[in-house]
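A short write-up of the structure that comes next.
The values are calculated or read from the model by the stated rules, or taken from the named source; none is laboratory data. None of these values were measured; they are calculated from a predicted model. Cβ placement follows ideal geometry from the backbone for every residue including glycine, while neighbour counts extend to all protein chains displayed.
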Amino acid sequence: MNKLAIRLLTLAMLSLTLAAAPVVTAVYANPDNEPPPPPKKKKKSSEARPAIEQTAFVDGYRAAYAAIYERHDYASAIEQLKALGRDDSAAVANLIGYSYRQLGDYKVSQIWYERALKADPSHVKTWQYYGLWQVEQGNRDQAQYHLNRIAQLTGTSSEEYRSLAAALEKPPGTGLVY
């Protein structure tokens, strides 16, 4: 009887542990250095243009990405990204928001981050950048919400999570380096 009680107790403890464990669903977002996939459109048999348009889009996206991260030419990148005609894409809207934030235009940056999240609520890079925006604005509770959202999407070992967590660990008013 004693062995049976121990087995039942062990089974009950294991069941409680599994029931209390958080459910984590990993979402792997495209990194922002790769252009988003083309929008889904109905194909016509006579259309050969989509491949050409996608190539032009990819080239334009990569040029804007280089303007942002290699040359820090945010104003030019904004114009390049808007010229792509795909600012309804989360990746494009996020980079526009990031560029406005780097230029110090926080209100416009916020609009673009929210637009990116409306387009794709699972866009991890937007949650990170918008979380950093929240830290810069002194909205630490909101930044923590963004951090929790990233944890739900990718777990706590992602670069996006670590970056925002590091920003939140710094005392308020500390300049961010990212």
Any hit, the stretch 61-69, residues being surrounded by fewer than 16 Cβ atoms within 10 Å (Cβ to Cβ), of a type in the set (Ser, Thr, Tyr) and within 28 Å of SER158 (Cβ to Cβ): yes
Exclusive hit being touching a helix residue (DSSP H, G or I) at 6+ places or on another chain (Cβ under 7 Å), modelled with pLDDT under 95, surrounded by 15 or more Cβ atoms within 10 Å (Cβ to Cβ) and under 21 Å from ILE68 (Cα atoms), set ARG101, ARG86: ARG86
Candidates TYR129, TYR145, TYR74, TYR100, filtered to the one that is more than 21 Å from ALA56 (Cβ to Cβ) and in contact with a Lys or Arg (Cβ under 8 Å, 6 or more places away or on another chain): TYR129
Flag for ALA93 being modelled with pLDDT of 90 or more, assigned to a helix (DSSP H, G or I) and not β-branched (Val, Ile, Thr): yes
Residue list for the stretch 104-145, restricted to those being of a type in the set (Gly, Ala, Ser) and surrounded by fewer than 16 Cβ atoms within 10 Å (Cβ to Cβ): GLY104, GLY138
Filtered residue count, the stretch 117-166, keeping only those that are of a type in the set (Gly, Ala, Ser) and out of contact with any Ser or Thr (no Cβ under 9 Å at 6 or more places or on another chain): 8
